[in-house]
1. Only one residue in Arg187, Arg158 is more than 16 Å from ligand 2 (Cβ to nearest atom) and closer than 22 Å to Arg132 by Cβ, so which one is that?
2. Report every pair of residues separated by at least 6 positions or lying on different chains whose Cβ atoms are under 7 Å apart, first residue within segment 174-194 and at positive phi, second open to solvent by less than 80 Å² (accessible area, probe 1.4 Å) and more than 16 Å from ligand 2 (Cβ to nearest atom).
3. Would you mind finding the one in Glu60, Glu36 that is closer than 24 Å to Glu119 by Cα and away from ligand 1 (no atom under 13 Å from the Cβ)?
4. May I ask you to list the residues in segment 65-86 that are open to solvent by 20 Å² or more (accessible area, probe 1.4 Å) and more than 16 Å from ligand 3 (Cβ to nearest atom)?
5. Residues that are closer than 21 Å to Gly252 by Cα and hydroxyl-bearing (Ser, Thr, Tyr): find the strands (runs of 3 or more DSSP E) completely inside segment 15-125 holding 2 or more of those.
6. Go through segment 74-88 and report how many residues are more than 16 Å from the chain's Cα centre (by Cα) and aliphatic (A, V, I, L, M).
7. Look at Ser186 and say whether it is within 16 Å of ligand 4 (Cβ to nearest atom) and either in a loop (DSSP other than H, G, I, E, B) or surrounded by fewer than 20 Cβ atoms within 10 Å (Cβ to Cβ) (or both).
8. Which one of the conditions (1) modelled with pLDDT of 95 or more; (2) within 21 Å of Lys227 (Cβ to Cβ) does Lys135 fail to meet, given that it meets all the rest?
Amino acid sequence: HAKAAGRNTFAIFGGHMDELLRRRRKLEHDLRLALETRSQIEAFYQPVYSAEHKGLSSMEALARWKHPEEGFIAPDIFIPIAEEIGLIHELGAKVLEDACSVMADLPLISMAINASALELCSDGYPLRVLSRLAKWNIDPKRLEIEITESLAFGEEGRSDRNIAILRNAGVGIAIDDFGTGYSSFSRMQKLVVDRIKIDKSFIDAMQGESKPLIEAMINMARAKGLKTTAEGVETDEQSDALVALGCDSLQGFLISRPLSRAAVIDLYNETGKQIFTA
Ligand code: C2E
Ligand code: MG
Ligand code: MG
Ligand code: MG
């Protein structure tokens, strides 16, 4: 009995694995195609508000894949695949190109992009970014690159040197999802970035146990001359508390979901083209 049941379980499990593997191979194949067509993958833009002025400050470009049969596929699914099959560089370049074209249309806006560890550690990355900006005639000061904590602390190969090249050229560096990685106070002393983005998980628990942690992050950032952005702000209560703590800027569904290129240009025009530094 046990043996039969075991064999059955194995057969079911095996079938399931086949199915997963098949789906995975198809996604890899489709992703290659998507990047070749250059139309299925494009950036959406999430507005970031100045906490002080409650007005538009910048935006974050986020990759979107509109699959011809399956509709939108989430970045949490396709970014890791792109990294594994070596397509993350092309994907990052496409998002940067989209971001540059929006910056060219909206003269005052700053833009953040996300860099994968593989991009940031690759030799040519800073030059590729800077020449793209030059091609569009965009001041490097208007671009911020979001990286992970482990990259910020120079744990991965060439990232230190690449960060220095980009910062020297005027590009800002932000630590994304701050507080979820391996920050320690001793490492914080050596940190050379421009901004921390406090992870959504802390904002979610803002009314409870994470309030003192957020307060400490903001105070520490201020002491080090870094800007702070709160990620995943969804309620007025969170927004008010963050403003009271002196957080510089707010991002989240309370302010806006990520928007298409056309929608974000409309928003910019509606806000009277007024941009606040934060
Ligand atoms: P991230 O950089 O931390 O981006 C923030 C994510 O939180 C986005 O998810 C955004 O849509 C979502 N978000 C923003 N506000 C709220 C909110 O109030 N509530 C909730 N529930 N979610 C909110 P998205 O676009 O699905 O991206 C997920 C992650 O994928 C990003 O996290 C980033 O790490 C990665 N990613 C996205 N685009 C790119 C890209 O072009 N290159 C690379 N390397 N990674 C990317
Ligand atoms: Mg980000
Ligand atoms: Mg984040
Ligand atoms: Mg995240």
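The values are calculated or read from the model by the stated rules, or taken from the named source; none is laboratory data. The model shown is predicted, which means the values in this text are computed figures rather than measured ones. Cβ coordinates were reconstructed from backbone atoms using ideal geometry, including for glycine residues, and neighbour counts include every protein chain displayed. Note: areas computed on protein heavy atoms with side chains; ligands, DNA, RNA excluded. Shrake-Rupley method; radii C 1.70, N 1.55, O 1.52, S 1.80 Å.
1. Answer to the check: Arg158.
2. As it stands, the answer is Gly179/Met217, since those pairs meet every condition given.
3. Glu36
4. Just the residues of segment 65-86 that are open to solvent by 20 Å² or more (accessible area, probe 1.4 Å), to begin with: 66, 68-72, 74-77, 79-80, 83-86.
Passing the criteria: Lys66, Pro68, Glu69, Glu70, Gly71, Phe72, Ile77, Glu83, Glu84, Ile85, Gly86.
5. 41-50, 55-67
6. Keep residues of segment 74-88 that are more than 16 Å from the chain's Cα centre (by Cα), which gives 81, 84-87.
Filter once more, keeping what is aliphatic (A, V, I, L, M): 81, 85, 87.
Residues that pass the stated criteria total 3.
7. Here the answer is no, as Ser186 does not meet what is asked.
8. So the condition that Lys135 fails would be (2).
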